[in-house]
1. Which of the aspartates and glutamates could a cross-linker span from K72 if the Cα-Cα distance has to be under 19 Å and same-chain partners fewer than 8 positions apart are dropped?
2. Over 23 Å between Cα atoms, which of K61/K84; K61/K90; K50/K84; K41/K90; K52/K73; K50/K90 qualify?
3. Leaving ligands, DNA and RNA out of it, work out the accessible area of D110 with a 1.4 Å probe and give it in Å² to the nearest 10.
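The values are calculated or read from the model by the stated rules, or taken from the named source; none is laboratory data. Model, not experiment: these values are computed from the prediction. Just so you know, the surface numbers come from the protein's heavy atoms only, side chains and all, with ligands and any DNA or RNA stripped out. Shrake-Rupley method; radii C 1.70, N 1.55, O 1.52, S 1.80 Å.
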Amino acid sequence: MDDALMNLKIVVAVLLIAAVPVYAQAQNPSTEKVSKGDAEKVATIISSDKAKTQTFCDMQKLAEQIRVAHEKKDNKTVEELFEKIETLEKALGPEYAALIDGIQDVAENDELRAEFVSAFEALVRLCTK
């Protein structure tokens, strides 16, 4: 398994974990669901903006640090790193936020999940250049 695919799996895990508190705290849950094309749209928005691409890549580095801290059972560091990711996520725009808010839809739908993995795998590859 190449590093990009492993990093993508880490990102997906981090996104799923990060989305849980957001989902649980939502007082007015969005009626909009993630649909086909949303992950591709978000990936295109991020990849076409150098600053957003750098932010996404910075999030990848933090995701790796979270994985290491989690393996060491360093919950304080995990929480601190998640806070940094949450701050960075805001810079990726409302489309990214909407996609993450709807991550449950992605997790429950094979077609959406495949699109998400494909789109974000392409973004991860940008980080390795």
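1. Result set, ordered by chain and number: E64, E80, E83.
2. In this structure, K52/K73 exceed 23 Å between Cα atoms.
3. Accessible surface of D110 is approximately 110 Å².
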